[in-house]
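FYI, it's all coordinate maths here, none of it is from the lab. Since the structure is predicted, the reported quantities are computational estimates derived from the model, not experimental observations. So basically every Cβ, Gly included, is an ideal-geometry build from the backbone, and we count neighbours across all protein chains shown.
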Amino acid sequence: MMLENKEKLKIVEKAYKNRLTLLNIIKRCGTVHIGGCLSAMDILTVLYNKVLKHDPRNPKWKERDIFFLSAGHKAVSLYIVLQSQGYFERNLLWTFNKLHSKLPMHPDEKLLPGIEFPTGSLGHGLSVGCGVATAFKKDKLNRRVFVLMGDGESEEGSVWEAALIANKYKLDNLIVIIDANGLQSEACVEEILPIAPIDEKFKAFGWSIRNINGHDINQIYKALIEAPYEINKPTCIVAHTIKAKGVDFAENKVEFHHWSLSDEASVNDAIKCLKTCYERELKGKKIG
């Protein structure tokens, strides 16, 4: 299943605008976990625009799908996507991580519509996702649970306990997406604690697996819309991504896991980079 080219181009443009908003937040607010926010942006943009069953006018709609951002430090990317969907006013974005803001560094469901659970202590999102997916199963509800995790986050032991639980209870309404950009806060994932091959590990735990290019719009869409791939098996999508995707001088560099504004000129350079990348990918048709 593929998107028509017109629809695909709309998603590419939305993802670009979301990245541009992220850079403008850095300019105004000073600091963001830029690397993972940029690597996950295509996934979040496709999910909220084409796959997730949700209603910005009624955030607690009883038939909605549930999304957990387990890698809570990427919250600003989720905030941007939620705002673009109409969950809250745009001017709130410029208060990110400021005192008394409704947009803290990590998401808090008590502060903002569209947030389902407070995350940030890594490794918890999948456990919570298992609980909600189990409840949906028991109540025979046609609702799905999506969890976005990082590959570095997958070093947490709680992830693998939850993976066993998901298999035991046959949670085929649970879809995990791993933003596999290969880097974490201080070094390469494989240098800190090797987890490769992560797809084979989840498979050994009883999951159905798919590997995709996490910046290919059609691959993301197809992987999400076709889940579950096997009845009675939870789904794990390993999305291979580029840390700080779209900003050439920051891509695949660990020092851009978290970026503090040093001067306005550097952010303006990043904005120029992003525009160049967007135009290059459109001309080169590297958009999935």
Report summary line: If one compares the long axis through the Cα atoms of helix 34-46 with the longest principal axis of the Cα atoms of the chain, the angle in degrees, nearest 10, works out at 60
Report summary line: Contour minus Cα-Cα span, residue 1 to residue 17, at 0.36 nm per residue, comes to 3.2 nm
Query raised in the report: Which order, highest average first, do 195-206, 89-100 follow once you tally other Cβ atoms within 10 Å for each residue and take the mean per peptide?
Result: 195-206, 89-100
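Could you calculate the contour length gain from residue 100 to residue 63, that is, 0.36 nm times the residue separation minus the distance between their Cα atoms, to one decimal place in nm? Before the final figure, lay out the partial values.
Values: separation 37, 0.36 × 37 = 13.32 nm, distance 3.16 nm.
Working it through step by step, the gained length comes to 10.2 nm.
Which order do the peptides 211-224, 109-122 come out in when sorted by mean C-beta neighbours inside 10 angstrom, highest first? Don't skip to the end; give the middle numbers.
Working: 211-224: 21.9, 109-122: 17.7.
Packing order, densest peptide first, comes out as 211-224, 109-122.
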Report task. May I ask you to list the aspartates and glutamates whose Cα is less than 16 Å away from that of residue 170, ignoring any residue fewer than eight positions away on the same chain? Result -> 139, 161, 230
Query raised in the report: When the Debye formula is applied to the Cα atoms of segment 204-243, each taken as the same point scatterer, what base-10 log of I(q)/I(0) results at q = 0.23 Å⁻¹?
Result: -0.72
**Report entry** Alpha-carbon radius of gyration plus Dmax, which is the widest Cα pair, for the chain in Å
**Finding:** 17.8, 55
Query raised in the report: Between their Cα atoms, which of 53/253; 140/168; 74/253; 14/138; 243/283; 50/275 are more than 27 Å away from each other?
Result: 53/253; 14/138
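Pairs of Cα atoms under 8 Å, at least six residues apart: use those to get the relative contact order of segment 5-284, whole percent. Show your work: numbers first, answer last.
Values: 523 pairs, mean separation 63.4, N = 280.
Result for segment 5-284 is 23 percent.
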Query raised in the report: What angle, in degrees between 0 and 90 and rounded to the nearest 10, separates the Cα long axis of helix 125-138 from the longest principal axis of the Cα atoms of the chain?
Result: 40
**Report entry** In degrees, nearest ten, helix 264-284 long axis to first principal axis of the chain (Cα)
**Finding:** 60
Query raised in the report: What is the fewest-to-most order of 1, 149 by other Cβ atoms lying within 10 Å of their Cβ?
Result: 1, 149
